[in-house]
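This report refers to the structure that appears directly beneath it.
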Amino acid sequence: MKDLARFSREASETAKTAPASRSAVASQNLPQVQLLTISEEEAGQRIDNFLLRICKGVPKSHIYRVLRSGEVRVNKGRIDQTYRLVEGDMVRVPPIRVAERQESVVPGAEFRILFEDSHMLVIDKPAGVAVHGGSGVSYGVIEQLRAARPQAKFLELVHRLDRDTSGVLLIAKKRSALTNLHDQMRDGVTDKRYLTLVQGDWKNARQHIKLPLFKYSTADGERRVRVQADGQASHTVFSLLRRFGEFALLEAELKTGRTHQIRVHLSSSGFPIVGDDKYGDFPLNKALQKADGRRIAFKRMFLHAWRISFTHPESGETVTLKAALPQECENFLRSLREDGDDEALPQGIAGDGEE
């Protein structure tokens, strides 16, 4: 057993230390009560979320137990788990003892940057990489970015992408930016577009799908979604970009942001996404993993977050960012063309300037 100091630091006479130093001081294994002064970047979050973030590895039940006991205090007073921190608050964190465990080493990594300033970072996430650790994945994009940028005071995901989905991913570098962008997404201000390839004879140039979605877990704990009458209201608008024989390239515009929304809306409508290993056509996916004549092999899900528009949290200006189709997707589309078909891919989606 050891006193877990990785989520705390020594009380200082100056009482104000940059949040970036928390991890460095945490490694000193200090057993006594710690006093943490809340910085501007840490202000606004609930005390329980603050403790869960800095006490990584400590069970949630333990965190809530010390909150209920009154051992955690803010400005020398008792608070409940819903208290929102204010800049300058002095948080008393008691020593917490947990079984010592081996820490996994997260390799730092950078990803292709689409936009970056002092408020946010926008990257082009590759397929096959989780956005965060959990559910059998020890680390993801956000942990790798934090490891690559140890000087960063704040890095948090604004939204998520499925592991097998590629494309535009927003990361906040300030809590104020995170809150602002979350508000925009909740209020429907952001415009998020995806590109996807489905099997089937898609008829309409523009089609709205409104099917309620219900989240559940399989027997082995895997998260899934299905259409169900008492599920959450969900709305996707699909536009036909081009047909490729038995396949159709679509643009999906999210009006709501439910888990697996695009995938389940399409699958339930009879148009499975190529390569979708949860809701797709499994015999088709297996067949597509091998080349057949002109058609090359394809071994991923064809779902790509290609464009997003939002209001910059500081300037108030509209920002529109695009991530061109990954090369493997672009090459696959070209291989689906019939002999003599030299029609270009839809404007703006190709990565090599083809329009």
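Taking 0.36 nm per residue of separation and subtracting the Cα-Cα distance, full extension of the segment from residue 75 to residue 49 would add 7.6 nm.
To put it simply, the accessible area of the chain at a 1.4 Å probe is 47 percent carbon and sulfur.
Taking every protein chain into account, the 1.4 Å probe leaves residue 320 with about 70 Å² of accessible area, to the nearest ten. Its relative contact order, with pairs defined as Cα atoms under 8 Å and 6+ residues apart, puts the chain at 12 percent. Label positions at residue 218 and residue 239, each projected 7 Å from the Cα along the C-beta direction, are separated by 3.5 nm. Summary value for the range 131-276: 20 percent relative contact order, contacts being C-alpha pairs under 8 angstrom separated by 6+ residues. For residue 317 and residue 68, a Förster radius of 35 Å and the Cβ-Cβ distance give a FRET efficiency of 0.20, rounded to the nearest 0.05. For the chain, the share of DSSP beta bridges that are antiparallel, to the nearest 5, is 95%.
Ranked by the mean number of other Cβ atoms within 10 Å of their residues, highest first, the peptides 81-89, 168-176 fall in the order 168-176, 81-89. The alpha carbon convex hull volume per residue for the chain rounds to 164 Å³. In this structure, residue 149 and residue 259 have a Cβ-Cβ separation that, at R0 = 22 Å, corresponds to a calculated FRET efficiency of about 0.20.
Between the Cα long axis of helix 175-186 and the first principal axis of the chain there is an angle of about 40°, rounded to the nearest 10. Summarising the label geometry, the points placed 7 Å from Cα in the beta-carbon direction at residue 163 and residue 61 lie 2.7 nm from one another.
Full extension of the segment from residue 335 to residue 205, taken as 0.36 nm per residue of separation minus the current Cα-Cα distance, would add 44.5 nm. Measuring only protein heavy atoms, the 1.4 Å probe finds residue 60 accessible over about 130 Å². Between residue 84 and residue 230, the contour length at 0.36 nm per residue exceeds the alpha carbon distance by 49.3 nm.
Across the range 216-229, rounded Karplus estimates of 3J(HN,Hα) from the backbone phi angles (6.51 cos²θ - 1.76 cosθ + 1.60, θ = phi - 60°) give 8, 10, 6, 4, 8, x, 7, 6, 9, 9, 9, 6, 8, 4 Hz, Gly and Pro being marked x.
The values are calculated or read from the model by the stated rules, or taken from the named source; none is laboratory data. Every value quoted in this text rests on a predicted model; they were computed, and no experiment measured them. In this analysis, Cβ positions are derived from the backbone assuming ideal geometry, glycine residues included, and neighbour counts consider all displayed protein chains. Areas reflect the complete protein model, heavy atoms only, side chains present, ligands, DNA and RNA absent. Shrake-Rupley method; radii C 1.70, N 1.55, O 1.52, S 1.80 Å.
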